[in-house]
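First up is the structure itself, then whatever we jot down about it.
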2 protein chains.
Amino acid sequence: MSAQAPHNTLLIPGPIEFDDAVLQSMSHYAESHVAPGFVKVFGETLTLVRKLFQSTNPAAQPFIISGSGTLGWDLVSANLIERGENALVLNTGYFGDSFGQCLETYGANVTHLKAPIGDRSSIEEVEQALKEKPYKLITLTHVDTSTGVLSDVKGVAQLVRRVSPDTLVIVDGVCSVGSEEIAFDEWDLDAVVTASQKAIGCPPGLSIVMTSGRAIQAAQSRKTPPGAYYASIANWLPIMQNYENNKPSYFATPPTQLVHALHTTLRQITADVPGRFAAHTEVSDKVKAAAAELGLKQLASRPECQAHGMTAMYLPEGLSPPDVLPGLLKRGVIFAAGLHKEIATKYIRFGHMGVSVTDPKRGDVDKALAALKEALAEAKQAKGL
Amino acid sequence: MSAQAPHNTLLIPGPIEFDDAVLQSMSHYAESHVAPGFVKVFGETLTLVRKLFQSTNPAAQPFIISGSGTLGWDLVSANLIERGENALVLNTGYFGDSFGQCLETYGANVTHLKAPIGDRSSIEEVEQALKEKPYKLITLTHVDTSTGVLSDVKGVAQLVRRVSPDTLVIVDGVCSVGSEEIAFDEWDLDAVVTASQKAIGCPPGLSIVMTSGRAIQAAQSRKTPPGAYYASIANWLPIMQNYENNKPSYFATPPTQLVHALHTTLRQITADVPGRFAAHTEVSDKVKAAAAELGLKQLASRPECQAHGMTAMYLPEGLSPPDVLPGLLKRGVIFAAGLHKEIATKYIRFGHMGVSVTDPKRGDVDKALAALKEALAEAKQAKGL
């Protein structure tokens with residue numbers, strides 16, 4: 001039995017349900033951020049981030065900073081690109097728009113390569129765009145939480161190395177890390193920005209960024225100072241290196257309790273990283289098949305661009321989220337409404353990540369699929385559809 | 001009996017010991033950041049921040065953002081001052097230096113008015129400095145965690161309104177909010193930057209900033225766009241206003257569990273704000289008298305510039321922190337070493353804030369004073385002093 005108070009099952013694309021052990025480790029008594037016990041846990045957690053990204057290259061550098069996933073965009077935008085340099089944003093939804101705004105805040109000259117809703121640009125289109133200007137960096141949203149569209153990170157990274165080898169490859173992995181495969185070194189990525197509260201299975205409050213040696217080099221060889229103070233790689237780099245070398249260090253107080261929670265969930269995840277991705281794929285296939293059986297069309301148009309940790313589904317004509325979400329809630333299940341501005345009233349989002357996927361004894365996904373079927377039937381009936 | 005695992009008592013100038021109820025409320029099950037239950041708690045927490053600051057002016061605006069206290073400096077520096085404008089930093093230690101660096105990162109032209117170690121500049125000196133240039137803002141560290149020096153926030157604010165009324169008065173209250181009196185409206189302050197983990201008694205991970213209508217006006221009438229994205233007032237203002245009006249809203253995912261913890265501790269604190277300040281003064285007087293009896297001189301030279309939530313004490317000649325801190329730890333008490341670069345090896349810091357002060361049944365302070373006496377005697381004997 002769970003140690004948590006009874007509650008509706010949270011199946012939105014983050015935050016997600018927690019394992020009991022994660023919550024328990026978070027309610028840790030007060031600790032100094034420079035005490036040996038915490039230094040060890042923080043250092044180990046940084047090393048576990050490397051494992052999560054299947055990275056063994058010592059030049060790569062993880063960062064764990066108090067903040068939301070959004071802070072990672074500032075870390076990229078204030079350190080890895082300078083005022084007037086070009087950034088290419090592969091835009092597959094809401095989060096591409098916002099990452100672009102963040103880059104512009106720090107002076108980057110941003111070009112959006114916008115895919116139609118539910119789709120992603122082809123490798124050929126990206127190649128074409130890359131040839132138009134020299135780009136300091138290219139960003140892609142691995143899974144856009146607003147649409148459930150999966151980007152081809154490996155394919156784009158290969159393309160960049162072939163046609164524009166100095167361009168930094170930046171992945172927004174907020175909604176993918178922990179549920180979609182990422183081989184950081186092998187794919188030769190430069191930064192993956194993520195957060196604690198999605199497929200990583202930790203409460204929100206940690207910005208997690210993995211960077212390559214090439215990215216660190218870019219930050220260190222800037223012609224102008226970094227554009228931010230709290231989000232400055234120069235300020236955090238020695239701190240992260242010291243903690244991982246078991247030395248206390250101070251720039252700003254880390255959120256000690258959340259770091260304990262992250263340590264616990266990363267130990268669970270890294271026990272079998274490939275197995276975790278396989279479990280997410282299997283459950284995703286099941287969810288998508290069940291949705292199709294209910295006649296629900298996915299936003300993500302083609303199977304190769306469908307995320308494995310969430311499913312965004314159009315509702316039948318005549319229904320909107322407020323017709324269906326209360327019926328789900330009545331059955332103990334929480335899904336999310338639409339988020340993409342142009343179509344928000346037409347679809348719902350089901351997050352299937354973390355313990356809800358890896359611990360089938362919980363029965364979360366089966367419960368959700370049964371509730372979805374009933375809630376849909378009820379809503380159609382109420383509307384006379 | 002406490003629900004927390006047995007542990008040494010954390011008496012550093014933050015993080016501090018937690019009340020059981022605070023830790024318990026933090027281990028809240030997974031919740032959507034836009035679900036009605038959480039929206040209500042977040043909205044109430046914002047309103048409780050107003051009470052904490054004894055503020056009733058509806059033009060004032062609290063912000064609660066995932067991040068450490070340092071993030072508040074970016075919020076000030078990226079929004080309330082523009083490139084090339086002047087900032088005056090009343091510098092009483094390590095944190096004045098750092099706030100100055102943050103302001104410079106965003107292009108401010110920073111002048112430090114540096115007080116001797118352990119002291120603060122006089123009102124006359126500040127007046128003199130204010131007359132030299134037009135300053136967009138002035139910052140003061142209410143309590144510098146590195147030295148325990150207390151600034152005269154009320155006096156400086158009065159002075160600014162008299163001699164340079166448009167200058168924004170910015171208080172770094174990371175180590176003061178919750179233990180030192182602050183009357184935000186009455187003193188006519190423009191921003192107080194703080195964090196969750198010191199006298200507020202919550203785990204670290206929340207940046208808390210209170211702003212005046214004048215500050216919001218300054219942010220909204222900038223000639224240039226804000227200098228940061230995550231730390232942009234324009235991005236957060238509607239979110240905070242919506243939550244306080246009980247409407248869900250999204251810019252970046254708030255740290256839901258930490259917000260529950262903050263809600264709990266602020267409800268406790270705001271039940272009697274003046275009583276809390278009185279308790280901190282009383283315990284501080286007791287600690288300072290006991291330190292004097294042990295022959296320990298405070299860093300903060302004069303009583304009027306001594307903080308009430310911490311005491312920084314010079315060790316006797318011939319002793320350094322590693323001679324004394326292990327003896328304290330052996331007795332179950334954790335103090336902090338020195339932090340001010342020039343004298344770090346000569347002093348120790350005792351944080352007396354939050355439940356260790358307001359819940360005398362815990363016996364934390366008496367235990368610490370007894371341990372200090374014994375550890376000092378032991379250290380002197382070992383060194384033949």
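The values are calculated or read from the model by the stated rules, or taken from the named source; none is laboratory data. This is a predicted model, so every value here is computed, not measured. Cβ atoms come from the backbone with ideal geometry, glycine included; neighbour counts cover every protein chain shown. SASA here: full protein model, heavy atoms, side chains in, ligands and nucleic acids out. Shrake-Rupley method; radii C 1.70, N 1.55, O 1.52, S 1.80 Å.
At a glance:
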item	result
Unmet requirement for A:S25, which otherwise passes all of (1) within 9 Å of chain B (Cβ to nearest Cβ); (2) open to solvent by 10 Å² or more (accessible area, probe 1.4 Å); (3) small (G, A, S)	(1)
Pick from region A:273-300, criterion of a type outside the set (A, V, I, L, M) and farther than 23 Å from A:K198 by Cβ, ranking: least open to solvent (accessible area, probe 1.4 Å)	A:G295
Positions within region B:83-96 being open to solvent by less than 10 Å² (accessible area, probe 1.4 Å), modelled with pLDDT of 95 or more and not polar (S, T, N, Q), in sequence order	B:A87, B:L88, B:V89, B:G96
Search result, residues across region A:163-179 that are open to solvent by 10 Å² or more (accessible area, probe 1.4 Å) and in contact with a Phe, Trp or Tyr (Cβ under 8 Å, 6 or more places away or on another chain)	A:S164, A:V174
Count of residues meeting criterion [under 20 Å from the mean Cα position of the chain (by Cα), surrounded by 19 or more Cβ atoms within 10 Å (Cβ to Cβ) and closer than 22 Å to B:L71 by Cβ] in region B:99-119	4
Selection from region A:217-250 of residues that are buried (at least 19 other Cβ atoms within 10 Å of the Cβ), within 11 Å of chain B (Cβ to nearest Cβ) and not aliphatic (A, V, I, L, M)	A:P226, A:G227, A:Y229, A:Y230, A:S232, A:N235, A:W236
Condition met for B:L262 (in contact with a strand residue (DSSP E or B) (Cβ under 7 Å, 6 or more places away or on another chain), closer than 29 Å to B:S356 by Cα and open to solvent by less than 10 Å² (accessible area, probe 1.4 Å))	yes
Given (1) within 30 Å of A:T9 (Cβ to Cβ); (2) surrounded by fewer than 24 Cβ atoms within 10 Å (Cβ to Cβ), number of the condition B:G67 does not satisfy	(2)
Segments classed as helices (runs of 4 or more DSSP H), wholly inside region B:202-306, with at least 3 members that are β-branched (V, I, T)	B:256-270, B:273-293
Output for region A:251-279, where each listed residue is within 14 Å of another protein chain (Cβ to nearest Cβ) and out of contact with any helix residue (DSSP H, G or I) (no Cβ under 7 Å at 6 or more places or on another chain)	A:T253, A:P255
Selected residue (criterion: surrounded by the most Cβ atoms within 10 Å (Cβ to Cβ)) from residues of region B:127-143 that are within 22 Å of the chain's Cα centre (by Cα) and of a type in the set (A, V, I, L, M, F, W, C)	B:V143
Count - residues of region B:1-19 that are more than 7 Å from every other protein chain (Cβ to nearest Cβ) and open to solvent by 40 Å² or more (accessible area, probe 1.4 Å)	6
Among residues of region A:1-59, those that are small (G, A, S) and within 25 Å of the chain's Cα centre (by Cα), counted	7
Every pair of residues 6+ apart whose Cβ atoms lie under 9 Å, when the first sits in region B:205-216 and is surrounded by fewer than 24 Cβ atoms within 10 Å (Cβ to Cβ) while the second is assigned to a helix (DSSP H, G or I)	B:I216/B:I233; B:I216/B:L237
Matching residues in region A:195-216 - criterion: being in contact with an Asp or Glu (Cβ under 8 Å, 6 or more places away or on another chain) and within 12 Å of chain B (Cβ to nearest Cβ)	A:G201
Residue among B:T167, B:T147, B:T105, B:T141 that alone is touching a His at 6+ places or on another chain (Cβ under 6 Å), touching a residue at least 12 places away in the same chain (Cβ under 8 Å) and not aliphatic (A, V, I, L, M)	B:T147
Hits in region A:339-383 - residues which are free of Cβ contacts under 8 Å to residues at least 40 places away in the same chain and crowded, with 22+ Cβ neighbours inside 10 Å	A:I348
Qualifying residue in region A:150-162 (condition: outside any helix (DSSP H, G or I) and either surrounded by fewer than 24 Cβ atoms within 10 Å (Cβ to Cβ) or among the hydroxyl-bearing types (S, T, Y) (or both))	yes
Residue match in region B:165-183 (condition: in a helix (DSSP H, G or I), over 18 Å from B:L48 (Cβ atoms) and modelled with pLDDT of 95 or more)	no
Identity of the residue in region B:313-322, open to solvent by less than 40 Å² (accessible area, probe 1.4 Å) and in contact with a Leu (Cβ under 9 Å, 6 or more places away or on another chain), that ends up nearest to A:P36 (Cα to Cα)	B:P321
A:K133 vs. criteria of a type outside the set (D, E), touching a residue at least 40 places away in the same chain (Cβ under 8 Å), touching a Pro at 6+ places or on another chain (Cβ under 8 Å) and part of a loop (DSSP other than H, G, I, E, B)	no
Qualifying residue in region A:323-334 (condition: touching a strand residue (DSSP E or B) at 6+ places or on another chain (Cβ under 6 Å), open to solvent by 30 Å² or more (accessible area, probe 1.4 Å), within 14 Å of chain B (Cβ to nearest Cβ) and assigned to a strand (DSSP E or B))	yes
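Per-residue answers, yes or no, for (1) under 18 Å from the mean Cα position of the chain (by Cα); (2) within 18 Å of A:K361 (Cα to Cα):
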position: A:L262; (1), (2): yes, no
position: A:I269; (1), (2): yes, yes
position: A:P274; (1), (2): yes, no
position: A:A278; (1), (2): yes, yes
position: A:K286; (1), (2): no, yes
position: A:A289; (1), (2): no, no
position: A:A292; (1), (2): no, no
position: A:A300; (1), (2): yes, no
